[in-house]
There are 2 protein chains.
Amino acid sequence: MFAELGYERTTIRAVASAAGIDAGLVMHYFGTKDELFSRAAKLPADELPSGTAEQVAEALLTSLARRLDSEPVASLAVLRSMLTNADAADRYRAAGAPQLSQLTAAIPTHDAELRASLLSAIVHGVIIERYLLRLSRLADASPDQIIDLLRPCFRTLATAQTPPSTDQLSTDG
Amino acid sequence: MFAELGYERTTIRAVASAAGIDAGLVMHYFGTKDELFSRAAKLPADELPSGTAEQVAEALLTSLARRLDSEPVASLAVLRSMLTNADAADRYRAAGAPQLSQLTAAIPTHDAELRASLLSAIVHGVIIERYLLRLSRLADASPDQIIDLLRPCFRTLATAQTPPSTDQLSTDG
DNA sequence: CGCTTCTGTCAACGACCGTAGAATGAGCAG
DNA sequence: CTGCTCATTCTACGGTCGTTGACAGAAGCG
């Protein structure tokens with residue numbers, strides 16, 4: 001229910017009723033709505049193998065593919081709630097931190113941290129639109145199709161390569 | 001307040017008190033909390049010029065740069081609320097639709113719609129992390145720095161080019 | 001059997017919510 | 001002055017929320 005409705009709109013009474021029990025019983029076992037959320041909502045800390053930037057980018061893609069195939073409901077609960085619940089936001093930051101530093105370590109540029117943050121933003125943007133907003137194109141596409149399209153992005157972001165030169169665009173400053 | 005707290009946690013009473021007036025007065029002028037939100041929250045429908053895929057990608061980057069410089073609070077209200085409020089979600093979809101179809105039209109591949117959706121997901125992922133979650137690296141970076149890093153991504157997604165060949169990664173299945 | 005512990009229900013409290021409507025008062029036309 | 005309109009406040013209703021604590025039965029144990 002946290003994944004479906006977010007923190008505020010999920011009520012203890014509704015949780016209890018969905019479980020066929022009394023609201024008091026939920027309180028008895030979890031003590032607090034925050035604690036209930038805390039136990040229901042977990043973001044997986046996917047470990048990235050250390051290696052070259054290309055390898056880490058590919059690993060991130062693989063991790064994304066798995067999540068695009070079936071993101072755990074507990075993660076969706078955090079994602080759904082992170083914009084309106086401080087605890088969920090902290091959880092999101094905390095779960096992203098290790099992956100972020102692993103990414104940063106693998107990227108060989110001075111702006112590695114920013115590049116890593118962008119990669120993380122892309123991953124979560126895609127997941128949010130697929131699962132939470134259910135934008136049709138992203139919700140229907142196969143994980144493989146998505147990560148194949150994202151692969152060049154991830155490569156260039158992780159390795160600091162520039163894509164093949166195209167016709168020069170003249171843009172004013 | 002909608003941008004800061006989201007729909008549910010923003011109360012009419014708090015809005016009124018912040019304005020130094022009575023809650024009844026807010027009701028008198030807006031009728032309903034939904035109507036108040038409806039009038040406060042607008043997503044700008046940035047028009048993209050029609051043109052080649054490269055040009056449209058560059059225009060999307062320019063639009064992103066402007067939003068990274070100062071995203072209007074009314075947009076943040078929608079973004080903050082879209083995961084927990086159906087109206088905000090609709091608003092998000094509606095505002096994205098024209099840009100999405102403009103992007104789709106400019107991309108010369110059969111999977112144009114998916115590519116356009118990914119571009120949109122990236123844009124919103126970055127904005128969310130910068131403004132709503134305030135991830136430090138993304139919040140501190142200059143818009144130019146961010147769009148310079150994203151440019152190759154946008155190019156390859158919009159033009160279907162593959163980035164320069166790198167050492168072959170052996171990945172199974 | 002009695003006693004404790006666990007599982008579970010029930011009713012209620014206090015807080016806060018969106019909302020409604022009556023009351024107040026100022027400004028202005030005649 | 002009277003009367004009307006509008007801005008604004010006040011009070012309150014009905015509802016929902018998280019949470020509490022009293023209570024009832026079932027289960028295990030001496």
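Could you go through the stretch B:40-51 and let me know if any residue there is of a type in the set (Gly, Ala, Ser), outside any loop (DSSP other than H, G, I, E, B) and either away from DNA strand D (no atom under 16 Å from the Cβ) or exposed (fewer than 14 other Cβ atoms within 10 Å of the Cβ) (or both). Checked against the condition, which is being of a type in the set (Gly, Ala, Ser), outside any loop (DSSP other than H, G, I, E, B) and either away from DNA strand D (no atom under 16 Å from the Cβ) or exposed (fewer than 14 other Cβ atoms within 10 Å of the Cβ) (or both), the stretch B:40-51 yields at least one hit.
With B:GLY6, B:GLY20 as the choices, which residue is outside the structural domain of B:ILE146 (by TED's automatic domain parsing), within 12 Å of DNA strand C (Cβ to nearest atom) and small (Gly, Ala, Ser)? Even if it seems obvious, please write down each step before you answer.
Numbers: B:GLY20 fails: within 12 Å of DNA strand C (Cβ to nearest atom).
Residue meeting the stated conditions: B:GLY6.
Only one of the listed residues (B:THR32, B:THR84) is in the same structural domain as B:SER120 (by TED's automatic domain parsing) and at pLDDT 95 or above. That residue is B:THR84.
With respect to the conditions (1) more than 25 Å from B:TYR92 (Cβ to Cβ); (2) in a helix (DSSP H, G or I); (3) at the interface with chain B (Cβ under 8 Å from one of its Cβ atoms), A:GLN161 falls short on a single one, namely (2).
Scanning the stretch A:64-88 for residues that are open to solvent by 10 Å² or more (accessible area, probe 1.4 Å) and in a helix (DSSP H, G or I) yields A:ALA65, A:ARG66, A:ARG67, A:ASP69, A:VAL73, A:ALA74, A:LEU76, A:ARG80, A:ALA86, A:ASP87.
For the stretch A:115-134, the criterion of being within 7 Å of chain B (Cβ to nearest Cβ) and either aromatic (Phe, Trp, Tyr) or not in a helix (DSSP H, G or I) (or both) is met by at least one residue.
The residues of the stretch A:103-122 that are over 14 Å from A:THR156 (Cβ atoms) and of a type in the set (Ser, Thr, Tyr), listed by number, are A:THR104, A:SER117, A:SER120.
The values are calculated or read from the model by the stated rules, or taken from the named source; none is laboratory data. Please read these numbers as outputs of a predicted model, since none were measured by experiment. So basically every Cβ, Gly included, is an ideal-geometry build from the backbone, and we count neighbours across all protein chains shown. Protein only, heavy atoms only, side chains kept; ligands, DNA and RNA dropped before computing areas. Shrake-Rupley method; radii C 1.70, N 1.55, O 1.52, S 1.80 Å.
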